[in-house]
1. When you count, for each residue, the other Cβ atoms within 10 Å and take the mean per peptide, how do 227-236, 190-199 rank with the highest first?
2. What is the local net charge at GLU50, summed over the other residues whose Cβ is closer than 12 Å to its Cβ (Lys, Arg +1; Asp, Glu -1)?
3. Could you work out the helix-only [θ] at 222 nm for the chain, with each DSSP H run of four or more residues adding -39,500 (n - 2.57) and the total divided by the number of residues, to the nearest 500 deg cm²/dmol?
4. Given a Förster distance of 25 Å, report the FRET efficiency between GLN83 and ALA178 from their Cβ-Cβ distance, rounded to the nearest 0.05.
5. Along each of the three principal axes of the Cα atoms of the range 23-130, give the extent in whole Å, ordering the values from largest to smallest.
6. With a ≥ b ≥ c the root eigenvalues of the C-alpha gyration tensor of the range 7-233, is it rounded (a/c under 1.5), prolate (a/b larger than b/c) or oblate?
7. Tally Lys/Arg at +1 and Asp/Glu at -1 over every other residue whose Cβ is under 13 Å from the Cβ of ASP140; what's the total?
8. Out of the range 83-152, which trypsin sites (Lys or Arg not before Pro) are coil in DSSP terms and have no more than 15 other C-beta atoms within 10 Å?
Amino acid sequence: MIEVVSRAFADVFRPAYLKYAFRQPATVIAVANLKGGCGKSTVAVNLACELAGNGDGVLLLDNDSQGTSIHWIAQGRLPIRGQAMPLERFEDGERLVRAVAAANDRYIVLDAPAHVEAATQAAGRVADLVLIPVTASGIDLVATQTVVNLMRQARVVRRSGGPACLVIPSKIDRRTDAGRQIWEQLQQFGEPIGPAVHQRTAFADAFSAGQWIGDYAPQSAAHYDISTLAVAVKRILRA
Ligand SMILES: Nc1ncnc2c1ncn2[C@@H]1O[C@H](COP(=O)(O)OP(=O)(O)O)[C@@H](O)[C@H]1O
Ligand SMILES: [Mg+2]
């Protein structure tokens, strides 16, 4: 809480010419769910690029050994820096803590792997905010509960209060019953629910083109989903 308040205070009262005189800690946003294919990398990369839009430095740490984000960034068409940092075991979390402490960026976005609880736990140690993309399929809800439980444990352990969570309805198709009903189902986690990222082919096409959605399809409905998410994220971080 104190961290967040002091950061918001510094943002408002720091004169522009002092911008580089003080080194603020980076704000860390993790994108995590133990389920694969629910849109973690899509949300992580596009949100990171949107956050970079007003000149803020953004570092994406790809904690997934599959390397989806890092391959995307390596094509050289995104406005963010990236680093591969696969997390397989709890001990690997030490590297993450050191990287976060050393970073000069305004934001660090973590793209967490599926199926690796240790990596999700490590994210819970350093993140200010954990975004949890959830699709409308049943099995997702079990994996999501595990992530929420890990973040609640992190809140108990961390003296600063631990990470805020935002559950993100992901790959949502409002034409289907499941797509319409997901909001009710997501209430059960007892965490805030963020704006939806809808199922849109532009997301997959932007990825194939090595671009982010704001470059590939600026002002499109898909870009609007990401801009809206970025506004929600900033609002939570300042609360
Ligand atoms: N909102 C979306 N609309 C359409 N396709 C999506 C969306 N989000 C993700 N995808 C596609 O779904 C697949 C898995 O997404 P990805 O972000 O890699 O998930 P994860 O990182 O959770 O495994 C990819 O082919 C991606 O392009
Ligand atoms: Mg991924």
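1. Values: 227-236: 16.7, 190-199: 18.3.
Descending mean neighbour count gives 190-199, 227-236.
2. After counting each charged neighbour, the total is -2.
3. -14000 deg cm²/dmol
4. Between GLN83 and ALA178 the formula returns 0.10.
5. Taking the Cα atoms of the range 23-130, the three principal extents are 34, 30, 21 Å.
6. It is rounded, given that a/c, with a ≥ b ≥ c, falls under 1.5.
7. Working: positive: LYS35, LYS40, LYS171; negative: none.
The answer is +3.
8. Here the sparse-neighbourhood loop sites are ARG89.
Each value in this text was obtained by applying a stated rule to the coordinates, not by laboratory testing. What you see is a predicted model; the values in this text were computed from it and never measured. No Cβ is skipped: glycine too gets one built from the backbone with ideal geometry, and neighbour counts run over all protein chains shown.
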